[in-house]
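Just below is one structure, and these are the notes that go with it.
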Amino acid sequence: MERQRRKIRRITLDELQGAHIYTSLERPRKVRVKAARAKMPRDFCLSENFVAVAEALIEIRKNIEYEYQRRRRGGRPLPASELSWVDMSTIKKITPAGALALASEFDRLRKLGCNSVALVDVHKWDNEVFFSLWDLGLFAILGIERVNRPLVETPSSVLLTMRSNSLAVPDDALRFYDDIQGLLGGLSAGDLTETENRSLRAEIYGIIIEAMENVATHAYPEDGQYAFTHVPLWWLTAAVNKTERKLTVVMYDQGVTIPVSLPKWKNYTKIDLLLKRWALMTKGREMTAAESEDDGLAIRAAMKVAVTATDQSHRGKGLPRMKKFIDHCRAGRLRILSRRGEYVYRKNDKTQTYNHPAEFGGTLIEWEVSL
């Protein structure tokens, strides 16, 4: 049977209406763009608009996968006139978590050796969206050094440049905290004693190292099944909103997800028993972590059992250590997104779990604390 070819619509200049196309290859100019436009939702927030954001990321992944497989079959690199294009002028709000998930796709694109995506009409982007993605390093990933954009007011939130690795590197975690201190400036100077500052540094270092270790150990097993060609990395950033006096730390990986990896974890039997008991109480039937019907409960069970997959002492208490960090802060929230599940823990509040109708590729962990 002849393989069906992916249908690609050619966007004409009339449709683009003189759009400026930004790539690493040339100055922005009018071009003919061959490939589908990835639709970006107005609210790029995984808390308030999960399904639309997940679908937008899947659309980008499809475009990346198509170009990667085409290149593997010996296809030539696409010229600038045939790049897929992403118009982010439709985004009016983007959170640090959404920005990291989006930028990681472009980083994966680069690491796969493709040049198949361009940015459109950057001068029309929302101010906060532009600065969030510029600070995060999206333009640097694509090799874009400058854009034609008028000067505007300073954004309320500032993001750290995204970093990534496949390993848990202690020096990276220490430098990450030092960079956070640089973002904070004098915001918390009068609030923390020297002892408290050292304690906060140790806590952030601990949760970051733990998250790095979890990715390196669990996220990308050799026998894992992936919907798209993956690169075995974690991505990490932080954001400070001085207006709201809020610090957000986000780590993301595109691995097999927590619910999928749980059966290989130490003490999985305890998790499985707990999950079955909860399912009987809430759904009237038993279920396992392998099912995607309630991934939120699977994540919660992992937290409850305080499971860890190795006996290495430096791994601490695994996922619960991330929860403990929130307990040590004045106020805060821990959120974990993995496959279809969402787990939310707030200090002095009831734990919440959700199961979404769309899959989120990988696992995202977000700590949000008040300063």
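Every number here is computed from the coordinates shown, using simple stated rules; none is lab data. If you're wondering where the values come from, they're calculated on a predicted model, not measured in any experiment. So basically every Cβ, Gly included, is an ideal-geometry build from the backbone, and we count neighbours across all protein chains shown.
Miscellaneous remarks
- Were the residues from Ser370 through Thr282 laid out at 0.36 nm apart, the gain over their Cα-Cα distance would be 28.3 nm.
- For the range 105-148, average projected area of the Cα convex hull in nm²: 3.1 nm²
- Relative packing of 131-140, 227-236, which averages over residues the other C-beta atoms within 10 Å, highest first: 131-140, 227-236
- Look at the dipole of the range 198-370 built from charges on Cβ: of Ala238, Leu273, Tyr345, the Cα furthest out on the positive end belongs to Tyr345.
- Segment Arg42..Asp178, full-extension length gain: 45.6 nm, with 0.36 nm per residue of separation and the alpha-carbon distance subtracted.
- Calculated over the range 198-370: convex hull of Cα atoms, volume per residue (Å³): 125 Å³
- The H on the amide N of Ala331, modeled in the peptide plane, is under 5 Å from the matching H of Ser370, each at least 5 residues off or on a different chain.
- Sorted by Cβ neighbour density within 10 Å, fewest at the top, the residues Asp178, Asp172, Asp107: Asp178, Asp172, Asp107
- For the peptides 260-269, 88-97, the ranking by mean Cβ contacts within 10 Å, running from highest to lowest, is 88-97, 260-269.
- Each label point was placed 7 Å from the Cα along the Cα-to-Cβ direction; for Arg245 and Gln352 their separation is 2.4 nm.
- Listed values for the range 320-326 are Karplus-derived 3J(HN,Hα) couplings in whole Hz (6.51 cos²θ - 1.76 cosθ + 1.60, θ = phi - 60°), namely x, 4, 5, 5, 4, 4, 5, and x replaces Gly and Pro.
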